[in-house]
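**Student:** Could you have a look at this structure, given as structure tokens, before my questions?
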Amino acid sequence: MPDVEWIRELATGVRREIHKTIVGLDSAIDALLIALLVQGHVLIEGVPGLAKTYLAKAFAGAVNLSFKRIQFTNDLLPSDIVGGVIYDRRTGEFSFRPGPIFANIVLADEINRGAPRTQSALLEAMQEFQVTVEGKTYQLPRPFMVVATQNPIELEGTYPLPEAELDRFLIRVIVTYPSKEEELEILRLKDRIGEELDANAVANGEMVLGAIEAAKNVRVDGDVMEYMVDVARETRQLPEVVMGASTRAAVALLYAVKAWAALQGRDYAIPDDVKYVAPMVLNHRIILRGQALGGSRRAPPDQLIREKVLMRVEAPK
């Protein structure tokens, strides 16, 4: 089995650099690290002003990967994301002009302010790591991940994400207001450094690709794998739930567990890894009864999975 202790040290360095300019948001940082190791995508939800965009920029700087930001608005077009074919008057030929999707880390800021047709432009990129324009396919750079931020959909001018797009996100994190102590520390930090990002690069593309390959080889014993399946199946038994976690959700849980184990410096997974990542991976993949009747399409609280799923399913010893 590969040595993954260096991945834990790398993650420690990334957290340290991010915390130079950001207070708290530890779960969101963990989510970004997990998703990076499996080339998954992260959806961060919270009201405006909680440093969601700032976090994505700091993370990209710490891992030293190319970064592009797309501000979603209701008049954004798919071609504004993936690019398009333009006519070059000098050569008399048509050529492809890449859009901002061609980066290692793409920030889809306020994604639910984009119209459904525009949101759907991300589907091929997030699933296949490619885009197709005028019948020609273009590969995206590797590693590739989308970090999307989302305001609560009750806010004016927002659209719920389509089910197909929501399912493309490996993890969904809901960020809340900081504690009084954290908010005071934020003010002290801003008073000292302002809006300047102070995250130094502690990695590069080659290191990240190496970590991705090492995470694939993390061992998951049969009893831990069965535990993951039992957790996914238990979500389908809850009386509050109309649609539980799918088999694809269980596969996503497997990948996230392997990544989290690697981030802990282990080449094997344990039940505690499942307990930590399951609320992140599954919270947006189940629909409550009230949501199915035309209500909010937000993820159910993480406590539902912790208290009514993980508490009922017995973990292997």
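The values are calculated or read from the model by the stated rules, or taken from the named source; none is laboratory data. Note that the coordinates shown come from a computational prediction; the quantities given were computed from them, not determined experimentally. Reconstructed Cβ throughout: ideal geometry from the backbone, glycine too, with neighbour counts over all protein chains shown.
**Student:** Just give me the residues in the stretch 130-185 being among the hydrophobic types (A, V, I, L, M, F, W, C), at pLDDT 90 or above and not in a strand (DSSP E or B), in sequence order.
**Tutor:** 140, 144, 169, 170, 184
**Student:** Need the failing condition index for residue 251 against (1) surrounded by 18 or more Cβ atoms within 10 Å (Cβ to Cβ); (2) farther than 20 Å from residue 317 by Cβ; (3) modelled with pLDDT of 90 or more; (4) not polar (S, T, N, Q), just the number.
**Tutor:** (1)
**Student:** If you don't mind, there's one more thing I want to ask. Take residues that are farther than 21 Å from residue 169 by Cβ and not assigned by TED's automatic domain parsing to the domain that holds residue 120 and tell me which of the helices (runs of 4 or more DSSP H) falling wholly in the stretch 4-81 contain 1 or more.
**Tutor:** No helices (runs of 4 or more DSSP H) qualify here.
**Student:** Which one is nearest to residue 34 (Cα to Cα) among residues in the stretch 189-224 that are in a loop (DSSP other than H, G, I, E, B) and of a type in the set (Gly, Ala, Ser)?
**Tutor:** 203
**Student:** What number of residues in the stretch 224-245 are farther than 24 Å from residue 268 by Cβ and surrounded by fewer than 18 Cβ atoms within 10 Å (Cβ to Cβ)?
**Tutor:** Matching residues across the stretch 224-245 total 6.
**Student:** Residue 188 passes all but one of (1) surrounded by 14 or more Cβ atoms within 10 Å (Cβ to Cβ); (2) free of Cβ contacts under 8 Å to residues at least 60 places away in the same chain; which number fails?
**Tutor:** Going through (1) surrounded by 14 or more Cβ atoms within 10 Å (Cβ to Cβ); (2) free of Cβ contacts under 8 Å to residues at least 60 places away in the same chain one by one, residue 188 breaks only (1).
**Student:** Among the residues of the stretch 104-112, is any part of a strand (DSSP E or B), touching a Gly at 6+ places or on another chain (Cβ under 9 Å) and assigned by TED's automatic domain parsing to the domain that holds residue 55?
**Tutor:** Among the residues of the stretch 104-112, at least one is part of a strand (DSSP E or B), touching a Gly at 6+ places or on another chain (Cβ under 9 Å) and assigned by TED's automatic domain parsing to the domain that holds residue 55, which makes the answer yes.
**Student:** From the list 150, 127, which one is crowded, with 18+ Cβ neighbours inside 10 Å and in the same structural domain as residue 42 (by TED's automatic domain parsing)?
**Tutor:** 150
**Student:** Can you tell me how many residues within the stretch 262-317 are at pLDDT 75 or above, more than 18 Å from residue 30 (Cβ to Cβ) and either of a type in the set (Ser, Thr, Tyr) or not assigned by TED's automatic domain parsing to the domain that holds residue 247 (or both)?
**Tutor:** Qualifying residue count, the stretch 262-317: 1.
**Student:** Condition first: within 16 Å of the chain's Cα centre (by Cα) and either within 15 Å of residue 208 (Cβ to Cβ) or in the same structural domain as residue 274 (by TED's automatic domain parsing) (or both). Can you find one or more residues in the stretch 92-102 that meet it?
**Tutor:** no
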